């Protein structure tokens, strides 16, 4: 059998597995985890063996021996700030993922499991463009106060992948393009790519436009006064802003299919909220044109909500004066992991060290 690539993408409620022969998908599976499945685990790390065994069960079901793998690619997590690229997973990276000093995330299990399997067969495990890809230009790091510095956490894996895919399809050099990429998902990330780097962007966990469950940037003095007045626990406040913010705080749902249904039915409150979100996305997008002095070659809209044509149209009408717009609906993280790994295996890129 020709050598295969194993893809592992762990999320809060699922473990996604992909098996590829080059660019050709052989199998793809999303194993769902109910609350009952996960309630017995103390933390994310303690789920490792449980999820790893599920992957072995899947491979056994498909009659695939781990000796048939040429490489393993895993979703990256909340690591230290990194340049974009494909990284070789090593002990130092695993240590950081286990200790989770920059925050815990289900994606941390991907590399832990992948590295464990890879060591059994003496092959390499890679991550591609983790959440912590941070290529901000020095001027973009200023927050407005010396005590604080802007950092990037974003949907880098998908945004980088679609930017490179767009350049390849148009037979252009990604490193010579100025692209604004809008990722419309549970969190909304927007980034400006220039000379092959994301030189500025929205950290969707704490700034920018609101999204289905995140508040984005909030009026800071109102937040301070709210904390002082209520004495709210900081962890509870964090959940209120990140998880129960955005559309959920206005409409009491995080399900954008439901939101779309209400919008199409003409529900007045839903229409106001959705149009406000589109307005904020457009406003933030326009600000990134200034980063490259208006010299934007293309705008790319991607992410799960990019399937919602009405939302894309609301955004387009406010930004189409900047540059031509291309839409790549969805966020195929498994495909992005495959592409990044193949660039290394083919010699197109050198693997980076953590």
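We did not get these values from a lab; they are worked out from the coordinates using the rules stated. In this text the structure is predicted, and so the values were computed from the model without any measurement. Cβ: placed from backbone, ideal geometry, glycine included. Neighbour counts: every protein chain shown.
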Inset, instruction - Measure off 7 Å from each Cα along the Cα-to-Cβ vector at residue 121 and residue 229, then give the distance between these two points in nanometres to one decimal. - result: 5.9 nm
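Relative contact order (percent) for the stretch 1-78, with alpha-carbon contacts under 8 angstrom and 6 or more residues of separation? The partial results should precede the final answer.
On the way: 91 pairs, mean separation 29.2, N = 78.
Relative contact order of the stretch 1-78: 37 percent.
Over the stretch 9-135, what is the mean sequence separation of C-alpha contacts under 8 Å (at least six apart), divided by residue count, expressed as relative contact order in percent?
Values: 193 pairs, mean separation 39.3, N = 127.
Normalised by residue count, the contact order of the stretch 9-135 is 31 percent.
Given the rule -39500 (n - 2.57) for each run of at least 4 DSSP H residues, summed and divided by the residues of the chain, what is its mean residue ellipticity at 222 nm, to the nearest 500 deg cm²/dmol? Show your work: numbers first, answer last.
On the way: 12 runs with 137 residues, N = 354.
Computed ellipticity for the chain at 222 nm equals -12000 deg cm²/dmol.
Ranking request for peptides 118-130, 237-249, 167-179, 201-213: highest mean number of other beta-carbon atoms within 10 Å first, then the rest in descending order.
On the way: 118-130: 20.5, 237-249: 17.3, 167-179: 14.6, 201-213: 22.8.
Ranking, from highest mean packing down: 201-213, 118-130, 237-249, 167-179.
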Legend entry - Rounded D (µm²/s) - the chain, Kirkwood Rh over Cα pairs, Stokes-Einstein at 25 °C, 0.890 mPa s: 115 µm²/s
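Could you tell me the relative contact order of the chain? Use alpha-carbon pairs under 8 Å, at least six residues apart, and round to a whole percent.
Numbers: 652 pairs, mean separation 59.6, N = 354.
This gives 17 percent for the chain.
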Legend entry - Rounded to 5, the percent of DSSP beta bridges in the stretch 156-330 classed as antiparallel: 55 percent
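So how do 106-117, 265-276 stack up, highest first, on mean other-Cβ count within 10 Å? Walk me through the numbers on the way to the answer.
Working: 106-117: 24.8, 265-276: 13.9.
Packing order, densest peptide first, comes out as 106-117, 265-276.
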Legend entry - Residues listed by number, the stretch 140-180, amide nitrogen under 12 Å from residue 220 label point at 7 Å toward C-beta: 142-150
Legend entry - Helix 220-230 axis, angle to the chain major axis (alpha carbon atoms, nearest 10°): 90 degrees
Inset, instruction - Report, in degrees rounded to the nearest 10, the 0 to 90 angle that the Cα long axis of helix 333-345 makes with the longest principal axis of the chain. - result: 50 degrees
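Can you tell me which of 344-354, 304-314 comes out highest on packing, and rank the rest after it, using the mean Cβ neighbours within 10 Å? Display every interim value, and only then the final one.
On the way: 344-354: 13.4, 304-314: 17.2.
With the highest mean Cβ count within 10 Å placed first, the list reads 304-314, 344-354.
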Inset, instruction - Post the alpha-carbon centroid distance, the stretch 49-112 to the stretch 228-277, in whole angstrom. - result: 33 Å
